[in-house]
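Peer 1: Handing you this structure, nothing more for now.
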Amino acid sequence: MYHLVSAWSVRAPIEVVWEAVYHSERWPEWWRGLESVVELERGDDEGIGNRRRYSWRGRLPYRLVFDMTATRIEPPRRLEGRARGDVDGLGCWRLRGEGAWTVVRYDWHVWLNKPWMRRLSPWAWPLFRWNHDVVMRWGAEGMAAHLGARMAHRPA
């Protein structure tokens with residue numbers, strides 16, 4: 001298992017940032033590297049159990065496809081899900097308001113399921129992490145542009 005952390009700040013109210021994070025069906029409009037989001041199951045009235053298939057491509061020449069099922073939703077502060085597919089894992093979005101800014105943090109605990117990735121991971125993990133960081137930076141920049149807001153990277 002690997003643990004990846006991404007963090008940034010957006011100069012926008014937490015409720016506005018929450019809407020951008022929560023509505024992942026709209027991410028392909030502004031998140032470079034996200035090829036598609038397809039809803040597979042609706043979930044309950046609060047969204048728990050909602051399952052979506054994500055197809056990602058970063059700088060490296062491979063694609064990751066996985067289904068993410070919402071397991072915990074606490075608007076506007078926390079969104080958690082379980083991934084299954086090319087990677088299995090647990091993802092958690094955490095948002096925190098700091099004055100005019102919203103701090104966004106994403107924790108990703110992930111297992112690699114693609115056989116070639118598992119075989120290469122002892123040596124290639126720094127490249128996989130770099131690719132993940134690139135895609136998350138694209139997300140931060142895309143979110144800021146989508147919201148018409150300033151963005152700042154933060155140490156994780």
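Peer 1: Tell me, in nm to one decimal, what length is gained between Leu127 and Glu74 on full extension, where the rule is 0.36 nm per residue of separation less the Cα-Cα distance?
Peer 2: Values: separation 53, 0.36 × 53 = 19.08 nm, distance 3.31 nm.
Once the chain is fully extended between Leu127 and Glu74, it gains 15.8 nm.
Peer 1: Just from the alpha-carbon atoms, what are the Rg and Dmax of the chain in angstroms?
Peer 2: For the chain, the Cα-based Rg and Dmax read 15.1, 46 Å.
Peer 1: Now for a different question. Between 0 and 90 degrees, rounded to the nearest ten: what's the tilt of helix 115-147 against the longest Cα principal axis of the chain?
Peer 2: Rounded to the nearest ten degrees, it is 20.
Peer 1: On to the next question. What FRET efficiency would be calculated for the residue pair Glu15, Asp44, taking the C-beta separation as r and a Förster radius of 30 Å, to the nearest 0.05? Walk me through the numbers before you get to the answer.
Peer 2: Numbers: r = 22 Å, r/R0 = 0.73.
Once the sixth-power term is evaluated, E becomes 0.85.
Peer 1: What's the extension gain from Arg105 to Tyr2 if we count 0.36 nm per residue and subtract their Cα-Cα distance? Don't jump to the answer; show the numbers that get you there.
Peer 2: Values: separation 103, 0.36 × 103 = 37.08 nm, distance 1.65 nm.
Length difference between fully extended and current span is 35.4 nm.
Peer 1: Right, here's the next one. Taking H as built 1.01 Å from N, whose amide H comes closer than 5 Å to the amide H of Arg77, not counting residues under 5 places away?
Peer 2: none
Peer 1: A further question follows. Residues in the stretch 112-156 near a label at His23, defined as backbone nitrogen under 12 Å from the 7 Å Cα→Cβ point?
Peer 2: 147
Peer 1: Here's a follow-up. Near the amide H of Asn113, under 5 Å away, which other amide H atoms are found, from residues 5 or more places off or on another chain, if H is placed in the peptide plane?
Peer 2: Residues meeting the amide H criterion: Val87, Asp88.
Peer 1: Place +1 on the Cβ of every Lys and Arg and -1 on the Cβ of every Asp and Glu in the stretch 81-131, take the dipole about the Cα centre, and give the residue among Gly89, Trp130, Trp116 whose Cα lies farthest towards its positive end.
Peer 2: Working it through, the farthest residue towards the positive pole turns out to be Trp116.
Peer 1: Volume per residue, Å³, of the convex hull around the alpha-carbon atoms of the stretch 23-70? Mind showing how you got there, number by number?
Peer 2: Working: hull volume 2.9 nm³, N = 48.
Residue-normalised Cα hull volume stands at 61 Å³.
Peer 1: Something else about it: Please give the peptides 139-145, 61-67 ranked by average Cβ packing (other Cβ atoms within 10 Å per residue), highest first, as a rough proxy for protection.
Peer 2: Numbers: 139-145: 19.0, 61-67: 15.1.
My ranking of the peptides, most packed first, is 139-145, 61-67.
Peer 1: Treat every Asp and Glu Cβ in the stretch 1-118 as -1 and every Lys and Arg Cβ as +1, leave all other atoms uncharged, and give the resulting dipole magnitude about the Cα centre to the nearest 20 debye. Working shown, then result.
Peer 2: Working: 20 positive and 17 negative charges, 116 e Å.
Result for the stretch 1-118 is approximately 560 debye, rounded to the nearest 20.
Peer 1: Now for a separate question. Can you grab the distance from the C-alpha centre of the stretch 88-156 to the C-alpha centre of the stretch 1-60, Å, no decimals?
Peer 2: Cα centroid to Cα centroid, the span is 11 Å.
Read the figures in this text as sums done on the coordinates, not as results from a lab. As the structure is a prediction and not an experimental result, all values here were calculated from the model. Don't worry about glycine lacking a Cβ; one is built from the backbone with ideal geometry, like all the others, and counts go over all protein chains shown.
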